[in-house]
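Notes follow once the structure below has been shown.
The values are calculated or read from the model by the stated rules, or taken from the named source; none is laboratory data. These numbers were taken from a predicted model, which means no experiment stands behind them. Here the Cβ positions follow ideal geometry from the backbone for every residue, glycine too, while neighbour counts run over all protein chains shown.
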Amino acid sequence: MESILMKKPASNLYPGMSVRGKWSGRRYTIIRELGEGACGKVFLCKNDQGDTYALKVGTDSARMMLEVNMLKKFSKVQGVKLGPSFIDVDDWVTNKGTYPFYVMEYIKGESLPSFLKGKTKDWIGVCAIQLLTHLENLHKAGYVFGDLKTDNVLMCQSQLRWIDVGGVTAIGRAIKEYTEFYDRGYWGIGSRRAEPSYDLFAVTMIMMEMAYPHRFEKGAHPRKTLEAKAGSSVWLKPYRAFLLQCWQGKYQDATQMKLALSRIVMKRNKSKSNSSPSRVQSRDRKVRSEKAEMVTISAFVTAFLGLSIYSFWL
Amino acid sequence: MKPGRLKQILLLTDGCSNHGEDPIAVAALARNQGVTVNVIGVLDDQQKSQPQGLEEVESIAEAGGGVSQIVYQKSLSQTVQMVTRQAMTQTIQGVVNKELQQILGKGQSIEELPPEKRGEVVEVVDDLGETCDLEVLVLVDTSASMHHKLPTVKDALYDLSLSLNARSGENHFSVFCFPDAKHTIRKMIDWTPELGDMNRVFSKLSSGGYTPTGPALKEALYAFTERPIRGMQDGVDPYEETGF
């Protein structure tokens, strides 16, 4: 959000400084800044025993507390780790004022764009399938993620993890936190009520963003813009029909959408590996290099098929 | 705790008032009448520096117990809904803090509770924000310099209605603009639960060279105080007493 006025003085924390809890007395030493969230800054820190964690300091005490409540509820749903584990919550008293803070598991990973760099377009499908698996669990528990976006996920050993659960909302309530690009209300494709389909739309936009890292404007006819963008990217070619179906409201829950997506990912691989022997029959040199390419692709496809089956059954 | 009814004036402007009474005083009066005043200063996307006189935006909101923000046109939609929500939470927190002081003694507020208790209280505040009824009177400065920003304003108001109507509580919106030669403010949209089609809303505009923000706010406040008469016809409002 671009605003010129700053409301409250933000806390200034530098590496080496320590934050001591007003209520528990526990101390955390700041190592470095990790990033800036909707209502505060996140730092890498360590406690006196030397364990590293992520620590978030903010100004809006009520909002921070709501996040903590969500974190406590959703670091684990039905045995599946969805967000970072909750560690501690307290207040930090300084001469400038009292700042609420909380401590959570430090998830070490790569951002989605940097993870995807140099990878094939199949990963778009794989990442989306992983996201949908997480969503299945969350929706079953009666909640939607809300502010689902690329910035809120990390890739950790090829597994996708959520790092900010601040937007998680009980189904049936109003979405309070959202980012326009991923918000179906902004694109004129639905309400801002917390329904599973709200998150499903955000998944399609994360897929779009993988093909358009710089995003795009909605223009005068938002839906047409989306359809045109889905149609004109080579990266999205396998997913084009699927994306259009999502925007038409064909999928109401994460399970249905995941099945459809898995079918695309599997089918593509199969047709590719079938077509390879017939094409290699030609004689000239050019084709020989193509042959080499096909071998690489088939090798990849086999590996990928294994991986997608693995993530599908996970 | 019963869900109450919150009343807000949302002022959208791009300059300093230069006519009539002090808008800061009127905002303080509104707050006293149980109406929160929020102000959004709208800048051109190309505008580099903050124009003079926009400090007033913050002062009006402060006096009116509300929230202010100065933004570029392109972030107007998200700001309008954020400011409205933030002000709702602020008002509810104010009421809850008052209750806490009655129970726990002076000096107690949500921020000062130990984390576990605070966690429970903020859930209550959040629930109230979801379920309370809300009345928003939007007051749009339509002086000449605002004209080209009005399409964005329309989008933002539609978006606001989209956000708030996802809540379980009821919403009522009305839209007024100023300046108006005859009545200081002009009603563009009467109280309605939804701001849907606004195509023709700002079609006929007079563009005076003055910005009577104070008098406009006062008229907007009257528009609110005149509303209970209609409310009485529908029967006595059971929520008015909760002090929101």
- [ ] Within region B:9-33, track down each residue that is under 13 Å from residue B:63 (Cα atoms) and in contact with a helix residue (DSSP H, G or I) (Cβ under 9 Å, 6 or more places away or on another chain).
- [x] B:9, B:22, B:23, B:24, B:25, B:26, B:27, B:28, B:29, B:30, B:31, B:33
Task: Subset tally (residues that are within 13 Å of chain B (Cβ to nearest Cβ), under 22 Å from residue A:257 (Cα atoms) and in contact with a helix residue (DSSP H, G or I) (Cβ under 7 Å, 6 or more places away or on another chain)) for region A:161-170 - done: 1
TODO: Tell me, please, whether a residue that is more than 9 Å from every other protein chain (Cβ to nearest Cβ) and either within 24 Å of the chain's Cα centre (by Cα) or surrounded by 19 or more Cβ atoms within 10 Å (Cβ to Cβ) (or both) can be found in region B:101-110.
DONE: no
Task: Subset tally (residues that are buried (at least 24 other Cβ atoms within 10 Å of the Cβ) and either under 21 Å from residue A:66 (Cα atoms) or away from chain B (no Cβ under 11 Å) (or both)) for region A:181-191 - done: 1
Open item on the list: Just to be sure I understand the filter: pairs with C-beta atoms under 7 Å, separated by 6 or more residues or on different chains, first member in region B:40-54 and more than 10 Å from every other protein chain (Cβ to nearest Cβ), second member of a type in the set (D, E, K, R) and assigned to a loop (DSSP other than H, G, I, E, B). Which pairs pass?
Closed with: B:42/B:14
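Among the listed residues B:83, B:35, identify the single one that is aliphatic (A, V, I, L, M), closer than 28 Å to residue B:148 by Cβ and surrounded by 19 or more Cβ atoms within 10 Å (Cβ to Cβ).
Only one candidate qualifies: B:83.
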TODO: State whether one or more residues within region B:69-77 are within 23 Å of the chain's Cα centre (by Cα) and more than 9 Å from every other protein chain (Cβ to nearest Cβ).
DONE: yes
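Taking region A:109-137 on its own, how many of its residues are assigned to a helix (DSSP H, G or I), of a type in the set (S, T, N, Q) and farther than 21 Å from residue A:199 by Cβ? I'd like the intermediate steps shown before the answer.
Kept after step one, since they are assigned to a helix (DSSP H, G or I), are these residues of region A:109-137: A:112-116, A:122-137.
With of a type in the set (S, T, N, Q) added as a condition, the list becomes A:114, A:130, A:133, A:137.
Still in the list and also farther than 21 Å from residue A:199 by Cβ: A:114.
Qualifying residue count for the region: 1.
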Task: residue A:210, sole failed condition from (1) more than 26 Å from residue B:166 (Cα to Cα); (2) surrounded by 20 or more Cβ atoms within 10 Å (Cβ to Cβ); (3) modelled with pLDDT of 95 or more - done: (3)
- [ ] Out of the residues in region B:80-95 that are in contact with a helix residue (DSSP H, G or I) (Cβ under 8 Å, 6 or more places away or on another chain) and in contact (Cβ under 8 Å) with a residue 60 or more places away in the chain, state the one that is nearest to the other protein chains (Cβ to nearest Cβ).
- [x] B:85
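Can you spot a residue in region B:53-76 that is surrounded by fewer than 17 Cβ atoms within 10 Å (Cβ to Cβ), out of contact with any Leu (no Cβ under 6 Å at 6 or more places or on another chain) and at pLDDT below 90? Give the steps one after another, and end with the answer.
Going through region B:53-76, the residues surrounded by fewer than 17 Cβ atoms within 10 Å (Cβ to Cβ) turn out to be B:53, B:55, B:59, B:74.
Now restrict to residues that are out of contact with any Leu (no Cβ under 6 Å at 6 or more places or on another chain): B:53, B:55, B:59, B:74.
With the extra rule that they be at pLDDT below 90, the set shrinks to B:53, B:55.
Within region B:53-76, one or more residues are surrounded by fewer than 17 Cβ atoms within 10 Å (Cβ to Cβ), out of contact with any Leu (no Cβ under 6 Å at 6 or more places or on another chain) and at pLDDT below 90.
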TODO: Would you mention how many residues in region B:189-224 are at pLDDT 85 or above, surrounded by 13 or more Cβ atoms within 10 Å (Cβ to Cβ) and not aromatic (Phe, Trp, Tyr)?
DONE: 16
- [ ] List the number of the failed condition for residue A:224; all other conditions in (1) at pLDDT below 85; (2) part of a helix (DSSP H, G or I); (3) farther than 28 Å from residue A:130 by Cβ hold.
- [x] (1)
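Listed here are the residues, each with its yes/no results for (1) within 14 Å of chain B (Cβ to nearest Cβ); (2) more than 28 Å from residue A:35 (Cα to Cα).
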site	(1), (2)
A:138	no, no
A:175	yes, no
A:179	yes, no
A:198	yes, no
A:235	no, yes
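Return the only residue of B:137, B:128, B:164 being buried (at least 23 other Cβ atoms within 10 Å of the Cβ), facing another protein chain (nearest Cβ under 10 Å) and in contact with a helix residue (DSSP H, G or I) (Cβ under 9 Å, 6 or more places away or on another chain). Please lay out each step first, then the result.
On the way: B:137 fails: facing another protein chain (nearest Cβ under 10 Å); B:128 fails: facing another protein chain (nearest Cβ under 10 Å).
Just a single option satisfies the conditions, and that option is B:164.
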Task: Within region A:79-100, tally of residues that are crowded, with 19+ Cβ neighbours inside 10 Å, in a strand (DSSP E or B) and more than 9 Å from every other protein chain (Cβ to nearest Cβ) - done: 4
